[in-house]
Amino acid sequence: MRNTGLVLFISGTILFGMMHLAIALFLSNSAGIAPPGLITAALDGIAGWIPYILSIILMVLGIILVIVNSGWWQKQKKEIKEKNKEFSEEQNKRT
């Protein structure tokens, strides 16, 4: 499952890079586009909204899967429970 997260993240990154390459190539051939709307105009011109958003979704899902499957999340929960237990024992000793 961890490999799935890495594959999703890498494929999302490659797709994201390819989309930026396509945007750069489109903008090099078009003139008269004002800077504030550069990326949106290019994405509209090349009909690239779906792959652009898909690449971001793939990267986010890949990162989430890697974090969840790495065990980091469970370690953090365990440490928090231990600290809470120590704190409550310390508070009980004071009273």
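Is it the case, given these coordinates, that Gly45 is in contact with a helix residue (DSSP H, G or I) (Cβ under 9 Å, 6 or more places away or on another chain) and under 28 Å from Ile63 (Cβ atoms)?
no
If you check Ile50 against the conditions, is it at pLDDT 85 or above, over 15 Å from the mean Cα position of the chain (by Cα), under 25 Å from Thr4 (Cα atoms) and of a type outside the set (Phe, Trp, Tyr)?
yes
Scan the range 56-76 and tell me whether some residue there is in a helix (DSSP H, G or I) and among the hydroxyl-bearing types (Ser, Thr, Tyr).
Looking through the range 56-76, none of the residues is in a helix (DSSP H, G or I) and among the hydroxyl-bearing types (Ser, Thr, Tyr).
Only residues in the range 2-18 that are acidic (Asp, Glu) count as the first member; pair them with residues that are outside any helix (DSSP H, G or I), Cβ under 8 angstrom, at least 6 apart or cross-chain, and list the lot.
Filtered contacts from the range 2-18: no entries.
When you check Leu61 against the structure, is it over 19 Å from the mean Cα position of the chain (by Cα) and modelled with pLDDT of 90 or more, yes or no?
Criteria not met by Leu61.
Results for (1) touching a residue at least 12 places away in the same chain (Cβ under 8 Å); (2) acidic (Asp, Glu); (3) over 26 Å from Thr13 (Cβ atoms), shown as yes or no for each residue.
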residue: Ala42; (1), (2), (3): yes, no, no
residue: Ile53; (1), (2), (3): no, no, no
residue: Leu61; (1), (2), (3): yes, no, no
residue: Val66; (1), (2), (3): yes, no, no
residue: Gly71; (1), (2), (3): no, no, no
residue: Glu79; (1), (2), (3): no, yes, yes
residue: Glu89; (1), (2), (3): no, yes, yes
residue: Asn92; (1), (2), (3): no, no, yes
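The values are calculated or read from the model by the stated rules, or taken from the named source; none is laboratory data. Since the structure is predicted, the reported quantities are computational estimates derived from the model, not experimental observations. All Cβ positions, even for glycine, are placed from backbone atoms using ideal geometry, and neighbour counts span all protein chains on display.
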